Amino acid sequence: MSTPVTHQSIRLQVNDVPVHCNVPVAMTLLELLRESLALTGTKRGCDMGACGCCTVLVDGKPKLACLTLAVEADGHAITSIEGVAESGKLHPVQQALVEHGAIQCGYCTPAMVLNGIHLLAEHPHPSRAQIKACVSAVLCRCTGYTSIEAALHEAAEHAHG
């Protein structure tokens, strides 16, 4: 009888930094980021994939870290909120959210930023419907979404003229 596999060695890029670690096979990407790598900007919300607060970018696409096993991230590039600002300068999506007061409690903000970055990468001139779909992927209990939508519209204008 063989011994069950409990850990697996993985290699991934996290915010452009190579990471090599041995993880429990049942560990989520959320747990790896928050507990093992001390990247606490990715928020633990519902642990069921319903709130979207744990969103990170995996190879540039939004993914729920609470529903993704760390071993599934093997060989992929992960971007968390800590990897967005460059040299202390906010990303245009972050800046627009600040300027529009769309960051009230801040709990959903990391996920909103990452979803917004993906939206603008895929659709440089997003429609209202595309912006609404983007922000609806994350549960926000503070802002009412209007300021977030306005911020994403402004970020698109600034980023792409």
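Listed by first and then second residue, the pairs linking a residue in the stretch 94-110 that is under 16 Å from G45 (Cβ atoms) and without any contact (Cβ under 8 Å) to a residue 60 or more places away in the chain to a residue that is crowded, with 19+ Cβ neighbours inside 10 Å and of a type outside the set (S, T, Y), with Cβ atoms under 7 Å apart and 6 or more places separating them unless they lie on different chains, are T109/L97; T109/I103. Of the residues in the stretch 100-111, at least one is outside the structural domain of L12 (by TED's automatic domain parsing), surrounded by 13 or more Cβ atoms within 10 Å (Cβ to Cβ), among the hydroxyl-bearing types (S, T, Y) and out of contact with any Asp or Glu (no Cβ under 9 Å at 6 or more places or on another chain). Within the stretch 1-52, the residues that satisfy the criterion of being charged (D, E, K, R) and within 30 Å of L139 (Cβ to Cβ) are D16, E31, R34, E35, K43, R44, D47.
For the stretch 3-15: of the residues being more than 28 Å from L119 (Cα to Cα) and touching a residue at least 24 places away in the same chain (Cβ under 8 Å), which is surrounded by the fewest Cβ atoms within 10 Å (Cβ to Cβ)? Lay out the reasoning, then the answer.
Of the stretch 3-15, the ones more than 28 Å from L119 (Cα to Cα) are 3-10.
Of the ones still in play, those that are also touching a residue at least 24 places away in the same chain (Cβ under 8 Å) are 8, 10.
Working: Q8: 15, I10: 21.
Out of the qualifying residues, it is Q8.
The residues of the stretch 42-95 that are part of a helix (DSSP H, G or I) and more than 13 Å from the chain's Cα centre (by Cα), listed by number, are A70, V71, E72, A73, P92, Q95. Condition (residue is assigned to a loop (DSSP other than H, G, I, E, B) and touching a residue at least 60 places away in the same chain (Cβ under 8 Å)) applied to the stretch 16-33: is it met by at least one residue? Yes: the stretch 16-33 contains one or more residues that are assigned to a loop (DSSP other than H, G, I, E, B) and touching a residue at least 60 places away in the same chain (Cβ under 8 Å). Just one residue in the set A156, A133 is part of a helix (DSSP H, G or I), crowded, with 16+ Cβ neighbours inside 10 Å and not β-branched (V, I, T); that residue is A156. Candidates are the residues of the stretch 34-54 that are in contact with a Lys or Arg (Cβ under 9 Å, 6 or more places away or on another chain) and without any contact (Cβ under 8 Å) to a residue 40 or more places away in the chain; the one that is farthest from P110 (Cα to Cα) is R34.
Scanning the stretch 29-44 finds one or more residues that are crowded, with 23+ Cβ neighbours inside 10 Å, in contact with a helix residue (DSSP H, G or I) (Cβ under 6 Å, 6 or more places away or on another chain) and either β-branched (V, I, T) or at positive phi (or both). Residues in the stretch 96-130 that are assigned to a loop (DSSP other than H, G, I, E, B) and more than 16 Å from G60 (Cα to Cα): 12 in all. Quick check: is even one residue across the stretch 136-146 assigned to a helix (DSSP H, G or I), at pLDDT 95 or above, of a type outside the set (F, W, Y) and surrounded by 15 or more Cβ atoms within 10 Å (Cβ to Cβ)? For the stretch 136-146, residues assigned to a helix (DSSP H, G or I), at pLDDT 95 or above, of a type outside the set (F, W, Y) and surrounded by 15 or more Cβ atoms within 10 Å (Cβ to Cβ): absent. For the stretch 151-159, indicate whether the set of residues that are under 15 Å from C51 (Cα atoms) and not hydrophobic (A, V, I, L, M, F, W, C) is non-empty. Checked against the condition, which is being under 15 Å from C51 (Cα atoms) and not hydrophobic (A, V, I, L, M, F, W, C), the stretch 151-159 yields no hits at all. When V84, V71, V56 are checked against the criterion of being at negative phi and crowded, with 23+ Cβ neighbours inside 10 Å, V56 stands alone in meeting it.
The values are calculated or read from the model by the stated rules, or taken from the named source; none is laboratory data. Everything numeric in this text was worked out from a predicted model, so none of it was measured. Cβ: placed from backbone, ideal geometry, glycine included. Neighbour counts: every protein chain shown.
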